[in-house]
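K.L.:
Let me begin by handing over the structure; questions about it come next.
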Amino acid sequence: MAAEKHIEMLLEEVVLADPACPVKQYNPLGKVPVLILPDGDSLYDSRVIVEYLDNRTPLAHLIPQDPSAKIKVRRWESLADGVCDAAVAVMLEQRKPAQAQDAALVAKQVDKVMCGLQALNDDLGKTKWCVNGVFSLADIAVGCMLGYVNLRFSAVLNLAATYPNLERLHVSLLKRQSFKESIPIPN
Ligand SMILES: N[C@@H](CCC(=O)N[C@@H](CS)C(=O)NCC(=O)O)C(=O)O
């Protein structure tokens, strides 16, 4: 959102597991993302941050001003974020030693990822952008989710073959400078 709106900010990478990680000073929940404002105050989570950024500049809103379009966009965002949350849960569980992993929890979260991807793929259909034919936060949210799912699960999930509409959207998004600059890097 910041790159699309040409808002400059410093990206500080953190290791949440590090006891010296500064995130908790800014978000009592200890979660990223957190946006630290010039006056030292902070904003979280991503849904609040994107709304703040979108209102920083009056033109080219990526969250529509029209209430009905806005609700549609935010619904797409909710589903994309929900898929991300489930994918993160799978990744965290799979990083535990094999004997400590909960197979039922993994299966439940994988189901959420698959059902979410299928619904997004079906809702997108053949259209270029998610809502009303106009690029918006909905496309950004879906694109960020696809980047994360690709990063973590490309070995087991062939997104292009299974969700062709989402793949087409992802290819379009990756042509944008904002996405080129923020491709997630494995750690
Ligand atoms: N819905 C939140 C998700 C935030 C979230 O769950 N962040 C994860 C990383 S993807 C996190 O910081 N987890 C650390 C924890 O839960 O302690 C958002 O969009 O900001």
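Each value in this text was obtained by applying a stated rule to the coordinates, not by laboratory testing. Note that the structure is predicted; figures quoted are calculated from it, not measured. Don't worry about glycine lacking a Cβ; one is built from the backbone with ideal geometry, like all the others, and counts go over all protein chains shown.
K.L.:
For residues that are closer than 17 Å to Ile185 by Cα and away from the ligand (no atom under 14 Å from the Cβ), tally how many sit in region 11-24. Outline the logic, then answer.
P.N.:
From region 11-24, those closer than 17 Å to Ile185 by Cα are 11-16; that's our starting set.
Right, trim to away from the ligand (no atom under 14 Å from the Cβ) and you get 11.
The total comes to 1.
K.L.:
Just to be sure before I move on: is Lys112 surrounded by 12 or more Cβ atoms within 10 Å (Cβ to Cβ), among the basic types (Lys, Arg) and in a loop (DSSP other than H, G, I, E, B) in the structure I sent?
P.N.:
Numbers: surrounded by 12 or more Cβ atoms within 10 Å (Cβ to Cβ): yes; among the basic types (Lys, Arg): yes; in a loop (DSSP other than H, G, I, E, B): no.
Here the answer is no, as Lys112 does not meet what is asked.
K.L.:
Can you give me the number of residues within region 59-89 that are part of a helix (DSSP H, G or I) and more than 16 Å from the ligand (Cβ to nearest atom)? Write out each step before concluding.
P.N.:
First pass over region 59-89, keeping only residues part of a helix (DSSP H, G or I): 67-89.
Subset that is more than 16 Å from the ligand (Cβ to nearest atom): 67-72.
Qualifying residue count, region 59-89: 6.
K.L.:
Okay, moving on. When residues of region 1-53 are filtered for being part of a helix (DSSP H, G or I) and not hydrophobic (A, V, I, L, M, F, W, C), how many remain? Don't jump to the end; show me each part of the working.
P.N.:
In the first step, residues of region 1-53 are kept if they are part of a helix (DSSP H, G or I); the result is 23-26, 46-53.
Next, from what is left, pick out any that are not hydrophobic (A, V, I, L, M, F, W, C): 24-26, 46-47, 51-52.
Matching residues across region 1-53 total 7.
K.L.:
Further question: Scan region 66-81 for residues that are surrounded by fewer than 16 Cβ atoms within 10 Å (Cβ to Cβ) and not aliphatic (A, V, I, L, M) and jot them down. Don't jump to the end; show me each part of the working.
P.N.:
Of all residues in region 66-81, those surrounded by fewer than 16 Cβ atoms within 10 Å (Cβ to Cβ) come to 66-68, 71, 75, 78.
Matches in region 66-81: Asp66, Pro67, Ser68, Arg75, Ser78.
K.L.:
Would you tally the residues in region 170-186 being of a type in the set (Gly, Ala, Ser) and part of a helix (DSSP H, G or I)?
P.N.:
Within region 170-186, the first condition is being of a type in the set (Gly, Ala, Ser), and the residues that meet it are 172, 178, 182.
Now drop any that are not part of a helix (DSSP H, G or I), which leaves 172, 178.
The total comes to 2.
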